[in-house]
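The block underneath contains the structure these notes are about, expressed in structure tokens.
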Amino acid sequence: MPHIASTPFDGQKPGTSGLRKQVKIFTQTHYLENFVQSLFDSVPELSGGLLVIGGDGRFYNDSAIQIILRMAAANGVAKCLVGQNGLLSTPAASCLIRKYGAQGGLILSASHNPGGPDGDFGIKFNGANGGPAPERVTNAIYARSQIITGYDIANAANIELGQIGHTQIGDMAVQIIDPVRDYADLLESLFDFGKIRAMIANGFTLTFDAMHAVTGPYAKEILQSRLGAPIGSVKNATPLPDFGGGHPDPNRVYAKELFETMFSKDAPDFGAASDGDGDRNIVLGKGVAIAPSDSLAIITANAHLAPAYQDGISGVARSMPTSRAADVVAKALGVPAFETPTGWKFFGNLLDSGQITICGEESAGTGSSHVREKDGLWAVLMWLNILAQRGQSMAEIQAQHFTKYGRHYYCRHDYEAIDSTLAAQIMADIDAALPRLIGRAFDDEIVSAADNFTYHDPVDGSSSDNQGLRILFKSGSRIVFRLSGTGTVGATLRIYLERYEADKTLLGLNTDKALTTLIEAAEIICQVKARSGKSKPDMIT
Ligand code: VG1
Ligand code: CO
């Protein structure tokens with residue numbers, strides 16, 4: 001097997017979700033190879049093992065897979081399972097790792113980041129539990145990448161990724177598989193497809209926007225073929241290397257068409273979209289968009305309506321910046337609620353040890369113990385199952401939820417691509433000011449506590465510090481400041497704003513108005529507008 005000499009690259013440090021860089025960085029000679037070799041060197045169980053490989057279909061997906069396959073063969077992997085045409089959604093990859101007992105999986109995706117030659121690329125490593133590698137592993141890969149001297153790669157022709165079947169690279173077996181079937185079967189085993197099918201047959205209407213990303217084939221199979229939604233219910237269903245020039249992030253700005261449809265007078269009963277790699281979801285009803293933190297809470301409160309969860313859930317977890325709406329439901333159900341740092345990898349231990357069944361993030365991620373990733377279509381089916389059982393509209397279900405549990409007004413302001421040094425300085429300045437904030441009033445909001453969030457994993461005892469700056473108010477409101485770990489240009493400052501309202505007469509406010517005091521307080525505390533020269537956030541979700 002040829003050994004190619006190379007020298008380390010700076011910055012091959014996986015962030016919130018894998019190594020994510022601009023395509024022009026990833027395609028430098030030896031760049032991908034160095035990272036993949038660092039991974040094989042750091043995860044010895046892959047030698048002799050089974051590896052799942054697939055991606056979201058973005059530019060460079062298939063070339064990267066060919067390189068990884070030749071390197072896997074040279075590094076002693078016994079067998080690779082590859083999604084046909086190189087496609088696998090993130091939750092489908094997690095499903096396959098678990099179902100076939102693989103030692104791990106490589107998912108080629110930069111998730112919701114734009115694709116194409118001028119866009120982003122990424123690579124995520126998931127372990128044998130099907131979940132994103134914990135920090136212990138990603139730190140080891142990074143350390144290795146900094147001292148690497150070369151990599152092993154087999155001499156072999158490209159594999160035909162479009163052809164389902166068995167082939168071989170040297171001693172390594174390669175099986176190209178249907179990327180959809182196992183995953184669709186898993187979801188069908190969790191939900192009452194008969195009941196959902198009957199609801200659709202009785203005239204319930206839905207639309208799903210796959211945003212020219214990986215979920216198209218999955219949504220067509222599940223929603224149209226298995227559940228009987230009319231052909232055309234799944235829009236933008238063909239995965240394209242540049243996502244059709246779009247930005248596969250299912251929010252009000254990038255999924256504009258879907259939001260317009262759902263707020264029009266002949267809106268269908270249900271609308272949803274997913275992101276580049278199929279792990280995120282946004283769900284909407286006629287004239288109503290459900291905030292992801294609320295969706296997590298509503299799903300937690302109603303999960304027992306779906307067959308797989310009918311005996312109840314063991315607990316729920318949310319990332320720290322996610323609103324505390326799910327905690328209120330957990331309390332009512334008498335199950336524990338956990339608060340973890342941002343990123344799905346932190347849910348893995350809680351799911352593996354059975355302490356939680358459901359988890360989610362404010363960034364449009366929801367999932368359960370069925371896999372070890374957030375799962376966009378799982379959330380869609382959970383909602384459809386709830387709707388089929390309750391026979392009410394999305395708006396009615398949400399309104400009843402708020403009446404019962406109170407409402408957590410919530411939004412996130414992102415300041416994107418700001419100078420990295422400035423962003424670090426802004427965070428350092430807030431951090432230093434935290435002790436002085438306690439007791440300070442911003443209109444009627446009084447700061448009761450302020451800290452830099454450190455997570456202590458209750459399962460393996462590991463600690464992760466510096467996971468976001470929290471400012472808690474006496475009223476129960478919160479402001480959180482955090483720097484993104486998935487961006488590829490400069491730094492993105494995220495400001496998370498939350499206000500709890502139990503007063504039944506105040507449940508229908510406009511979110512921006514409800515959060516005005518907190519939005520103003522956040523700027524006084526961090527001065528991002530003054531310091532970055534931006535007059536408003538680049539993105540509000
Ligand atoms: C963002 C989200 C986080 C999510 C992560 C990966 O991270 O905030 O909740 O887990 O993306 O999701 P950050 O560090 O940029 O805030 V995905 O769908 O991009 O794999
Ligand atoms: Co994603």
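Taken over the chain, the alpha-carbon convex hull comes to 140 cubic angstrom per residue. Amide H contacts under 5 Å for Phe442: Val447, restricted to partners 5 or more places along the chain or on a different chain, H placed in the peptide plane at 1.01 Å from N. For Asp419, neighbours were defined as the other residues whose beta-carbon sits under 12 Å from its Cβ, and their charges (Lys and Arg +1, Asp and Glu -1) total +1. Computed over the range 407-540, the range of Cα coordinates on each principal axis works out to 43, 42, 28 Å, biggest value leading.
With both residues required to sit in the range 183-405, DSSP beta bridges show an antiparallel share near 50%. Taking the charge dipole of the range 401-541 about its Cα centre, with +1 at Lys and Arg Cβ atoms and -1 at Asp and Glu Cβ atoms, the residue from Thr505, Ser448, Phe473 reaching farthest to the positive side is Thr505.
Dipole magnitude for the range 3-179: about 320 debye, using +1 per Lys or Arg Cβ and -1 per Asp or Glu Cβ, origin at the Cα centre. Given axes a ≥ b ≥ c from the Cα gyration tensor, I'd like to know whether the range 389-448 is rounded (a/c under 1.5), prolate (a/b larger than b/c) or oblate. Verdict is oblate for the range 389-448. Of all beta bridges that DSSP places with both ends in the chain, some 70 percent have antiparallel geometry. Of the residues Gly334, Ala140, Asn155, the one whose Cα sits farthest toward the positive end of the charge dipole of the chain, with +1 on the Cβ of Lys and Arg and -1 on the Cβ of Asp and Glu, is Gly334.
Using only Cα coordinates, the Kirkwood hydrodynamic radius of the range 3-179 works out to 15.7 Å. For the range 183-405, the equivalent ellipsoid built from the Cα gyration tensor has semi-axes of 25, 19, 17 Å, listed from largest to smallest.
Counting every alpha-carbon pair across the range 143-285, the share separated by more than 19 Å comes to 62%. Near Val234, the amide H atoms lying under 5 Å from its own belong to Phe208; only residues 5 or more places off or on other chains count, and H is placed 1.01 Å from N. Kirkwood-type hydrodynamic radius, the range 237-348: 15.9 Å, calculated from all non-identical alpha-carbon pairs. Rounded to the nearest 500, the 222 nm mean residue ellipticity of the chain from helices alone is -9000 deg cm²/dmol, with -39,500 (n - 2.57) taken per DSSP H run of at least 4 residues.
Can you tally the net charge around Thr138? Count Lys and Arg as +1, Asp and Glu as -1, for every other residue whose Cβ sits under 9 Å from the Cβ of Thr138. That works out to +2. Fully extending the segment from Asn452 to Thr29 would add 148.3 nm, taking 0.36 nm per residue of separation and subtracting the current Cα-Cα distance. Panel values: the range 1-78, Kirkwood radius from alpha carbon pairs, Stokes-Einstein at 37 °C and 0.692 mPa s, translational diffusion coefficient 244 µm²/s.
Read-outs: derived from the displayed coordinates by stated rules, not from any lab. Model, not experiment: these values are computed from the prediction. As a convention, Cβ positions derive from the backbone with ideal geometry for all residues, glycine included, and neighbour counts pool all protein chains shown.
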